[in-house]
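The next block holds one structure in the form of structure tokens; read it before the comments.
The values are calculated or read from the model by the stated rules, or taken from the named source; none is laboratory data. Nothing here was measured: the structure is a model prediction, and the numbers come from that model. Every residue, glycine among them, receives a Cβ derived from its backbone with ideal geometry; neighbour counts consider all protein chains shown. Ligands, DNA and RNA are stripped out before the accessible areas are found, and what is left, the full protein with its side chains, is counted by its heavy atoms. Shrake-Rupley method; radii C 1.70, N 1.55, O 1.52, S 1.80 Å.
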Amino acid sequence: MKDEMQEILDDAQDAGWVMEPGAKAILEAFGLPVTRHVFARDEAQAVEGAASLGYPVVAKVVSPKVVHKSDAGGVVVGIRDEDGLRAAFERLGDIEAFEGVLIDEMAAGVEMFVGSKQDPQFGTVVLAGIGGTSVEVYEDVAIRAAPMTREQALVALAALKGRALLEGFRGAEPVDREALAALISRFSEAAFELRETVDSIDLNPVLAGAGGALIADARMMLHGPGEGL
Ligand code: ADP
Ligand code: MG
């Protein structure tokens, strides 16, 4: 797998970033839980892949020109059957520099943001917050140096203003915080190990539920030429 990881990183040099299929493969190699997915280059592969995952599924564009997929109309969620999948494939196929689609199982849970970046003072740092308005409007994000332990991750989660959302808000089942903390800790080790090649990583969303946490989207931005640590 070490070779496969290096190959994915080498292939991403031209674009400057690792798209979702490659990013998920690297994260899986680090033992991180990602949504079940299939990469499909053509419509027949997409149909076959969706059938193997089981509906409902999500279809997402894979293109080196599209960093923010939903902004480009590149994400279709809640596809319920083959007709829906074919229609989504045709739409996504028109997007610039289309390479294929990632078919993803539909996951549920509280949308978390987990990321990493290089800080001039603290080195590799990990950021975690509850997705959506909580991060964007209230800037409710915990930042810690990587690598961090599961216990440190639990403490960081407990420091979030929006922590009630993880504790079974309005009758929802509480999120498995141990599983989420284990994910964040393992992620911090991965980000730290990759730091010479990978400048920053975005996992957005990580879907956290009562039964565990799954990475539903991932991208990795590489250091520019001569910019590595
Ligand atoms: P991007 O961030 O590039 O726009 P995402 O892969 O994050 O694309 O998809 C956009 C949104 O679609 C996510 O924030 C999430 O709400 C939803 N989504 C994506 N993948 C899944 C999935 N596997 N299960 C459920 N919802 C998903
Ligand atoms: Mg995303």
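For segment 37-105, the dipole from Cβ point charges (+1 on Lys and Arg, -1 on Asp and Glu) about the Cα centre works out to 200 debye, to the nearest 20. Over the chain, dividing the summed -39,500 (n - 2.57) contributions of all DSSP H runs of at least 4 residues by the number of residues returns a 222 nm mean residue ellipticity of -9500 deg cm²/dmol.
Ignoring ligands, DNA and RNA, what percent of the 1.4 Å accessible area of the chain is carbon and sulfur? Numbers along the way, then the final one.
Details: 5560 of 11400 Å².
Carbon and sulfur: 49 percent of the exposed surface of the chain.
Taking 28 Å as the cut-off for C-alpha to C-alpha distance, list the pairs among Lys2/Lys161; Lys65/Lys117; Lys2/Lys117 that go past it. Distance filter (> 28 Å) returns Lys2/Lys161. Let's test the formula: R0 of 25 Å, r as the Cβ-Cβ distance of Ala158 and Asp71. What FRET efficiency results, to the nearest 0.05? Between Ala158 and Asp71 the formula returns 0.15.
Calculated accessible area for the chain comes out at 50 Å² per residue, all protein chains present (probe 1.4 Å; ligands, DNA, RNA ignored).
Spin-label pair Arg86-Glu167: with each label point 7 Å from Cα along the Cα-Cβ axis, the two points sit 5.1 nm from one another.
In this simple spin-label model, placing a label point 7 Å from the Cα along the Cα-to-Cβ direction at both Glu96 and Glu196 gives a separation of 3.4 nm.
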